[in-house]
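Report on the structure given below.
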Amino acid sequence: MKRLAPLAAVVLLLVASSAVRAEDAQPFVTNKDIDLTMILPPPPANDSAETKAELGEVLTLQVTRTPEMEKRAIADAGEDVWRFADVMGPKFSKEALPKFSAFFDRVVATEGAVVDPAKDVWKRPRPHQLSDLVKPAVKLSNSGSWPSGHATVGTMMGIILSDMVPEKRAEIMARAAEYAHNRVVGGIHYPSDVEMGKISGSAIAAVLLSRPDFKTEFEVARSELRSDLGM
């Protein structure tokens with residue numbers, strides 16, 4: 001057991017340092033470059049017919065979701081590109097793709113840098129904040145609901161990943177759509193939050209794909225990924 005202790009310490013150190021690197025990832029752009037409040041409409045009022053109808057959709061899913069749907073929604077609460085592993089195959093792993101991983105850490109950081117300020121402007125209450133009947137299956141969040149950050153980053157990741165592996169575009173984008181919808185399945189977002197997230201993700205991805213700095217890192221990550229997958 002004593003001989004295993006140094007190895008365990010090294011593993012813990014590597015895990016910790018990896019987490020720090022992800023947290024410290026620098027976004028490619030921020031809300032100063034893409035102001036979502038100038039792109040998206042404001043959310044519907046809390047007492048509007050639309051919001052009431054959406055609450056009904058969330059509550060219907062709450063009683064009809066299967067254990068498997070709930071399990072997927074909980075797993076998809078993580079914001080990282082590795083949620084696409086079920087599409088990309090067994091070789092798609094963080095350990096095998098360090099440059100790719102660092103690149104997508106920046107993609108995820110970009111979502112927060114663009115979306116979070118917009119959420120703070122609109123401050124749309126989450127479904128569980130508006131109705132005590134809503135019991136989310138996923139971790140609670142009290143940040144603004146409009147737009148969905150998960151739907152935004154899922155769409156961004158889907159678009160960028162499918163540009164790297166166009167052979168799997170249909171499957172990747174279908175997975176991105178499921179990832180986004182699972183925020184409604186999990187009871188933490190309204191359907192319109194997700195739709196606005198898809199629009200946001202598409203808009204951000206379009207800007208990123210036109211930037212020289214992004215293109216440079218994209219090509220490095222793409223080459224590593226395709227080499228690892230044998231493409």
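The values are calculated or read from the model by the stated rules, or taken from the named source; none is laboratory data. Here the structure is a predicted model, which means the values were calculated and not measured. Every residue, glycine among them, receives a Cβ derived from its backbone with ideal geometry; neighbour counts consider all protein chains shown. Keep in mind that these areas ignore ligands, DNA and RNA; they rest on the heavy atoms of the full protein, side chains included. Shrake-Rupley method; radii C 1.70, N 1.55, O 1.52, S 1.80 Å.
Of the listed pairs Lys71/Lys215; Lys32/Lys71; Lys71/Lys91, which have alpha-carbon separations greater than 25 Å here? List each step's numbers first, then the result.
Numbers: Lys71/Lys215 35 Å; Lys32/Lys71 37 Å; Lys71/Lys91 23 Å.
Beyond 25 Å: Lys71/Lys215; Lys32/Lys71.
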The answer for the per residue Cα convex hull volume of segment 97-231, in Å³, is 106
Please list, by residue number, everything in segment 161-181 whose backbone N is under 15 Å from a paramagnetic label point 7 Å out along Cα→Cβ of Asp86. 171-181
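If Lys and Arg each add +1 and Asp and Glu each add -1, what is the summed charge of the other residues whose beta carbon sits under 14 Å from the beta carbon of Gly158? Show your work: numbers first, answer last.
Details: positive: Arg83, Lys168, Arg169, Arg175, Lys198; negative: Asp76, Glu79, Asp80, Asp86, Glu111, Asp163, Glu171, Glu178.
Net of charged neighbours comes to -3.
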Note on segment 159-231: alpha-carbon gyration tensor, axes a ≥ b ≥ c; rule is a/c under 1.5 for rounded, else prolate if a/b larger than b/c, else oblate; result oblate
Leaving ligands, DNA and RNA out of it, rank Glu54, Glu167 by accessible area with a 1.4 Å probe, largest first. Glu167, Glu54
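Based on the Cα atoms of the chain, what semi-axes does the equivalent ellipsoid have, where each is the square root of 5 times one gyration tensor eigenvalue, given in whole Å with the largest first? Please report the intermediate quantities before stating the final value.
Working: eigenvalues 192, 98, 60 Å².
Over the Cα atoms of the chain, the ellipsoid semi-axes are 31, 22, 17 Å.
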Estimated distance in nm for a label pair at Glu219 and Glu57, the labels positioned 7 Å out from Cα along Cα-to-Cβ: 4.2
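How much of the accessible area of the chain, probe 1.4 Å, is carbon plus sulfur, in whole percent? Let's see the in-between values first.
Values: 6950 of 11530 Å².
Ligands and nucleic acids excluded, carbon and sulfur give 60 percent.
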In a Gaussian network model over the chain where Cα atoms closer than 10 Å are linked, find which of Ala221, Ala102, Ala170 has the largest mean-square fluctuation. Ala170
